[in-house]
Amino acid sequence: MPSLLVTNDDGVHAPGLAALEAALAELGDVYVLAPEREQSACGHALTLHRPLRVDRLGERRFAVNGTPSDCVNLGVLGFLPERPVLVVAGVNHGTNLGDDVTYSGTVSAAMEGTLLGVPAVAVSLAPDGDLAVAAELARLIALRVLVTGLPKKTLLNVNVPAHPPRGIRLTRLGHRVYSEKIVEQTDPRGRTHYWIGAGEAQWEELQGTDMGALHEGYVSITPLHLDLTDHRAVDALADFGRSLDAQYRPTARKRARSE
Ligand code: MN
């Protein structure tokens, strides 16, 4: 049986993790390597300045005092008896849509798998959604990925709506409208503190996006690519780069002038 690595950012005791673990069991030996406590919104953080410890909770179940990306790093680079053929992160409690994927520990865990050359899927479920539905979808998608593979440096970001899905749509990331303000409050001792990330998210456009699919009751699958280069901008900003270079190197500037 091939090895599968399952992790999350809600912590090793989260129900979404157990649901995923159970759903994938028929596809291979499922190893769970997950943060010992919740790490939501930790992004792609790695723990480099203190040692990682792994507690065995079951035959193939481990808690790590680190981040989701730490877990994937450990799992893929030698902690497991063999290299996993697939990394699945989730089922996250709450969606990971659009620009928010850059904050998500769940999506980052899948990114880490992809960076290390293992196909990876992140699965998130809208609040009040049915974990059994999300876990079954994860099994279906994982099986398809195992059979057909994924393009290079590409991972799948899956989001499941709260109500029974009407179907599955392949989408692009939506973009948030950042209109919210920080919340400033005063504590009982008169000191000021701040809350960020409060308030309802607004979205630029729904058509064709992950948010749009969920809004209409569909499961969203967004392929994400890990080359963050803006290839169009490399061309569009060519003059920008050349003139900066000329400004930075006076001799190059003289040469450019005389040309
Ligand atoms: Mn989470």
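The values are calculated or read from the model by the stated rules, or taken from the named source; none is laboratory data. The structure presented is a predicted model; accordingly, all values stated were derived computationally and were not measured. Because the Cβ atoms are built from the backbone with ideal geometry, glycine has one as well, and the counts that use them run over all protein chains shown. With ligands, DNA and RNA removed, areas are computed over all heavy atoms of the protein, side chains included. Shrake-Rupley method; radii C 1.70, N 1.55, O 1.52, S 1.80 Å.
Brief remarks on what is shown
- Shown are 166, 172, whose ranking by accessible area with a 1.4 Å probe and every protein chain present, most to least, is 166, 172.
- The slack in the chain from residue 172 to residue 144, taken as 0.36 nm per residue of separation less the alpha-carbon distance, amounts to 8.1 nm.
- Within the full protein context, the accessible area of residue 140 is estimated at about 90 Å² for a probe radius of 1.4 Å.
- Principal-axis tilt of helix 105-115 within the chain, Cα atoms, nearest 10 degrees: 70
- Computed accessible area, residue 150, all protein chains, 1.4 angstrom probe, square angstrom: 50
- Largest accessible area first, the residues 181, 153 order themselves as 181, 153 under a 1.4 Å probe with ligands, DNA and RNA left out.
- Taking 20 Å as the cut-off, the amide N atoms of the stretch 201-237 that come nearer than this to a point 7 Å along the Cα-to-beta-carbon line of residue 245 belong to 229-237.
- Label-point separation in nm, residue 57 to residue 230, each point 7 Å along Cα→Cβ: 4.1
- The residues packed around residue 200, meaning those with a beta-carbon under 14 Å from its beta-carbon, carry a net charge of 0 if Lys and Arg are +1 and Asp and Glu are -1.
- Cα gyration tensor category, rounded, prolate or oblate, for the stretch 92-248 with a/c compared to 1.5: oblate
- Taking all protein chains together, 196, 182 sort by accessible area into 196, 182, largest first [probe 1.4 Å].
- In this view, the solvent-accessible surface of residue 102, computed with a 1.4 Å probe and all protein chains in place, comes to about 100 Å².
- Residues in the chain average 56 Å² of solvent-accessible surface per residue, probe 1.4 Å, ligands and nucleic acids excluded.
- The accessible surface of the chain, taken with every protein chain in place and a 1.4 Å probe, is 54 percent carbon and sulfur.
- Phi angles of the stretch 189-204 translate, via the Karplus equation with coefficients 6.51, -1.76, 1.60 and θ = phi - 60°, into HN-Hα couplings of 9, x, 8, 8, 9, 9, 10, 10, x, 8, x, 6, 6, 10, 10, 4 Hz per residue; Gly and Pro are given as x.
- Gyration tensor verdict on the stretch 189-239 (Cα atoms; rounded if a/c is under 1.5, prolate if a/b is larger than b/c, oblate otherwise): oblate
- Label-to-label distance, nm, for residues given as residue 79 and residue 238 (7 Å Cα→Cβ offset): 4.7
- With respect to the chain, whose longest principal axis is taken over its alpha-carbon atoms, helix 238-248 is tilted by about 60°.
- Listed residues 239, 55, 230, most fluctuating in the chain (Gaussian network, C-alpha, under 10 Å): 239
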